[in-house]
């Protein structure tokens, strides 16, 4: 009951952001950004350095950020809070108790463990303790399954690994997709078009672990060119990134194709051609631009998909990335790790989406101008 | 446009370079020995770990009083250079060697052992292996009696104290308490658990009353007995608090002598001194926990890289969670000259296909059995394959508290309907041995009883009909629960299919992930559940004491008072013989033999021969207990005894796929332990052999 | 993937009025000309028929084990061979297909119903309500879907033993977001059209307008994206199977199990080949069909 009320309250608060007047939004966003910086610096360095760091950040935010970003910030911070709560509820609803041990069931021990890890049996109580730890100490809590380690200690080293893998996959997907898509779009409905599209489709016709396993079988086991699994060099990056990239390459190819076709039908293309520009220049300058626009808007969800779909790939290739933390910790009922992973992930995704939004806005008027 | 693209590409190249920084220093030395460990270890605290993967690491980083001889796995001098056992086989004296050191230079003393074992017995620590130490005098009192006393006398959080409950039952049933209510009461209050080992005859009789009604006189007597027992436990606990570690149980005489007083002669005690729960921990790093339920142990990260201090042959180099762990030879180890590997790398890979691939491509030297089941037949043909029988049993639990498996006939019918030979031959294919009992073969001195389990579908159908389900009619829908694992799934699906075809009952397999599966087993929310048990030490007790009423590892709801009695008695046969064993012996299946053995104990001239005779009586009593399980009760259905298999490269020396005993004979490596403190890599063989 | 490519704006009822046909018939004509889409349609129909009818006709049994037989490749008796427990693989692939297709269909249905209603409401009312509803969608978009699905699956696992229902719900619950966004975009465009104004003038209630006037025009795009959601759902289910959380028997499960036996020692190649073939064929067809539908409904993409 309490939970339902809290949920509704949260949702109402988030909904209310729509009605906040502009200057208030600006103020709140600056305060929140400053607060976040303070939260990170305070536990380590003390109040003075905390203020020294957070006040300039708040001021910069106040003056430089456009209003839409302000709204986004307010929204994001509130929804992250809601996210933590909802995730907590879901986890506590699932059966399973990480404090029960296999060999002996001892209520005294369980109570002691719960006290130590700050995980009472009630979801809302846990939420309270968790938020308090987060806001006052900037700590994401301890891990239950990996004793002695904090969530930050576990997830932060995994983050650059996933980032590397994800980025590489994204670039491969974009490059491959654009190449196939533009090629197809320049000669629509020809054999080359259908061939390229069919090739791209392979990526979305099989789950990525099948493709990955086949890659491993051919390149690593039979040919021995690349390592089977692990992480520790650029060689370890190639196969997993390729496996992750293929489905997205397929989608991007389709988008690029569609965008290219649309652009090539425009009048200004005919104008450019009649002006005597070489076919090549026409293609490179205009078709690419047309193709890129829809691709850019897809990058947001693509990045999201890559980061999460990476769990399967990371499992297959034994890569110590963030994807593993989500599912493993959910299965192990390692509450703080689950929440920490969710928080970090969502923050990154929101920031990324924001950047993509801004990139889109920047690209769009330029194109219109030139035409 | 070009410039933008170039800019983006340049940014990406820079980012990739930065990414390169996440790659560990490429200039580190390669490890001499690498192996796959199966799962990411939860912890490295010897008192808190339970799995075999963690055990391998603990064996490398710490050392106990004794350590395992790599060739024979028998205990040989470790921290203790010598030891002796008293005449009555109850007191061990260990002499510690002065050159034993921790990796930070401090000497290892007897006080370290006393402190570590005492810590393990602290109730608030929640050590799962604390029960191993209960063989020490006063240990059980220290560990459990406070909680027991509170549960008997109160005040009790979240439940009714037992004595108060009996008083209430007496008030509510002045004419006699029906056995069913009594049983339910015992179950909710976990009375059997808290009154385990109580010598009072009133308590014993009441606890074993399962039919009829309990007269009020008995209940009144019981209240008095409970008070006495509660107070007895309280005082024993107080005594243990004061004296355990000082002059009771285990204590130090100076820095280098450790005295261990056992409650009764325990043949396997020396074996557990080389088992990781009994390893010492650096107490100056592990802060003592405050008494009571609040743990103020901020330093629960003492075993992390950078701070871990151990006294074993290796030190912790680095530990990348889900990545790799490196162990390096410890120069402070007293026997460091014999350690011939400089670096050992451990991979915590849990995907079996990836694990196998890592081995096949030469990145790992040892793969302890983590490979897909389907490949067993082919891997068996390789020269680097090994297999040895294991002291572990794969079995299915029945939920004896719920229909239809609350009827022993139904349980037996299920057991008879299955052909275990088919399973091991065609599904698991690792050469396992079909099992009709819990205790695997190979334990010295133990004579397994006859089992009523065999492959007999006709009899199974008859039993099922007798139980009220002729030809499976009316049989409720049941499922076989197992945790998410390909091998378990295959076996479960096969078993379900066979049972369905043979007995015509609606049954199927159902998988759940580990946490939910554990929970459901414990809460008895299943019909049939898959389980496995690995021996903690080579003695039948580890397989049989699980099945006592409400035992923590029982998880079937099966209860048999005689069985409980036998197991309790086996903890101290000599006292049992002295106290007058007749009424128990009379209820056995082979009373004459038991009486003769008991007489031998009573008539023994000295402590040594008495202990020996006691061991024989104990073995016979275990046989009786197991007979109860597999001739009458059938709380579980054993399927097979594990075979421990693996792949190891020929250049790994002193690995011992097969054990070599001190007298030169070969033996099976039943416990599947391959400590690597003596392992060395032969460079010639490595250069010669191609990786495949 | 929970996303589908960028929304396409339909321009509403086409001015092709001279032929005297409806939008649907128009689209159908164009679709027929797209070879790949037709192949896709035919293929998916064939596969569906095979999976649902053949097991009945041929009396196939996917569950009977024959341990002695073990895994064998194609033979006269077992056209696709047997798996490691000796079960007929043809039966398993076809019956597994039933589950996979059903999962795809039902999850997509859930997604369509929720997404369409939600998006239509947001698009129709516009303004603050729209922003509010879309903000909620943005929030949900930010949650790693795999994570949500796993959490939901873990929650259900106890109550429903092996039942695919929670899988349907979990997957559908995650996919409706894109559908909602797309429908909203469409409805926003349609809202200002004359026929809507007319309906409002005659006093029709909002619900009636949404249901009777707007939704039918949105149907086209919904069908397109539904066709593209089904493959996404089927693949998501296979991820769940890889993690051990999926349904007992489906293409995804068969493929996940078979992947474990890709190795240089002995490959049970057919264990991977057959379900992958069916899976790939189904997904290929659905994707091409979806693409074809989109081209067919969108006059701008004419050659």
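The values are calculated or read from the model by the stated rules, or taken from the named source; none is laboratory data. Nothing here was measured: the structure is a model prediction, and the numbers come from that model. Neighbour counts run over all protein chains shown; Cβ positions are idealised from the backbone, glycine included.
For the stretch A:196-224, taking the residues that are over 21 Å from residue B:355 (Cβ atoms) and more than 11 Å from chain C (Cβ to nearest Cβ), the one that is surrounded by the fewest Cβ atoms within 10 Å (Cβ to Cβ) is identified as A:199.
Residues of the stretch B:588-602 that are surrounded by 14 or more Cβ atoms within 10 Å (Cβ to Cβ) and either within 23 Å of residue B:632 (Cβ to Cβ) or touching a residue at least 60 places away in the same chain (Cβ under 8 Å) (or both): B:588, B:589, B:590, B:591, B:593, B:594, B:595, B:597, B:598.
Yes/no matrix, rows are residues, columns are (1) in contact with a helix residue (DSSP H, G or I) (Cβ under 6 Å, 6 or more places away or on another chain); (2) within 11 Å of chain B (Cβ to nearest Cβ):
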residue: A:138; (1), (2): yes, no
residue: A:151; (1), (2): yes, no
residue: A:162; (1), (2): yes, yes
residue: A:177; (1), (2): yes, no
residue: A:191; (1), (2): no, no
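All of B:105, B:38 fail the test of being in a loop (DSSP other than H, G, I, E, B) and in the same structural domain as residue B:367 (by TED's automatic domain parsing), apart from B:38.
Across the stretch B:660-691, the qualifying residues are those that are exposed (fewer than 10 other Cβ atoms within 10 Å of the Cβ) and part of a loop (DSSP other than H, G, I, E, B), and the one among them that is modelled with the lowest pLDDT is B:690. Looking across B:4, B:39, B:95, B:50, one residue alone is over 28 Å from the mean Cα position of the chain (by Cα), over 27 Å from residue B:682 (Cβ atoms) and modelled with pLDDT under 95. It is B:4.
Does the stretch B:501-514 contain any residue that is under 27 Å from residue C:61 (Cβ atoms), part of a helix (DSSP H, G or I) and modelled with pLDDT under 90? Checking the stretch B:501-514: not a single residue is under 27 Å from residue C:61 (Cβ atoms), part of a helix (DSSP H, G or I) and modelled with pLDDT under 90. Tell me whether the stretch B:23-31 contains one or more residues that are modelled with pLDDT of 85 or more, more than 28 Å from residue B:98 (Cβ to Cβ) and within 8 Å of another protein chain (Cβ to nearest Cβ). No. Between B:458, B:452, B:516, B:408, which is over 28 Å from the mean Cα position of the chain (by Cα) and at negative phi? Matching residue, one of B:458, B:452, B:516, B:408: B:458.
Can you spot a residue in the stretch B:543-551 that is in contact (Cβ under 8 Å) with a residue 12 or more places away in the chain, more than 12 Å from chain A (Cβ to nearest Cβ), closer than 19 Å to residue B:205 by Cα and part of a helix (DSSP H, G or I)? No. Restricting attention to the stretch A:1-41, the residues that are more than 27 Å from the chain's Cα centre (by Cα) and buried (at least 18 other Cβ atoms within 10 Å of the Cβ) total 0. Just so you know, in the stretch B:396-425 the residues that are part of a strand (DSSP E or B) and away from every other protein chain (no Cβ under 14 Å) include one that is nearest to residue B:497 (Cα to Cα), and it is B:396.
Restricting to the stretch A:320-334, and then to whatever is in contact with a helix residue (DSSP H, G or I) (Cβ under 6 Å, 6 or more places away or on another chain) and more than 7 Å from chain B (Cβ to nearest Cβ), can you tell me which residue is nearest to residue B:347 (Cα to Cα)? The qualifying residue nearest to residue B:347 (Cα to Cα) is A:321. Among residues of the stretch B:131-157 being in contact with a helix residue (DSSP H, G or I) (Cβ under 7 Å, 6 or more places away or on another chain) and not in a helix (DSSP H, G or I), the one that is modelled with the highest pLDDT is B:138.
When the stretch B:426-464 is filtered for residues that are buried (at least 16 other Cβ atoms within 10 Å of the Cβ) and part of a helix (DSSP H, G or I), the ones remaining, listed by number, are B:426, B:427, B:428, B:457, B:460, B:461, B:463, B:464.
Does at least one position in the stretch B:343-364 carry a residue that is modelled with pLDDT of 90 or more, part of a loop (DSSP other than H, G, I, E, B) and either more than 13 Å from every other protein chain (Cβ to nearest Cβ) or surrounded by fewer than 20 Cβ atoms within 10 Å (Cβ to Cβ) (or both)? No, the stretch B:343-364 contains no residue that is modelled with pLDDT of 90 or more, part of a loop (DSSP other than H, G, I, E, B) and either more than 13 Å from every other protein chain (Cβ to nearest Cβ) or surrounded by fewer than 20 Cβ atoms within 10 Å (Cβ to Cβ) (or both). In the stretch C:259-276, the residues that are over 11 Å from residue B:374 (Cα atoms) and at the interface with chain A (Cβ under 8 Å from one of its Cβ atoms) form Cβ pairs under 7 Å with partners that are at pLDDT below 75 and buried (at least 17 other Cβ atoms within 10 Å of the Cβ), at six or more places apart or across chains, as follows: C:272/C:262.
Elements of the type helices (runs of 4 or more DSSP H) sitting completely within the stretch A:226-310 and holding at least 3 residues that are facing another protein chain (nearest Cβ under 9 Å), over 30 Å from residue B:352 (Cβ atoms) and modelled with pLDDT of 75 or more: these cover A:234-264. When B:516, B:509 are screened for being within 14 Å of chain A (Cβ to nearest Cβ) and in contact with a strand residue (DSSP E or B) (Cβ under 9 Å, 6 or more places away or on another chain), only B:516 passes. Of the candidates B:254, B:306, the single residue that is outside any helix (DSSP H, G or I), surrounded by fewer than 17 Cβ atoms within 10 Å (Cβ to Cβ), over 26 Å from the mean Cα position of the chain (by Cα) and at pLDDT 90 or above is B:254.
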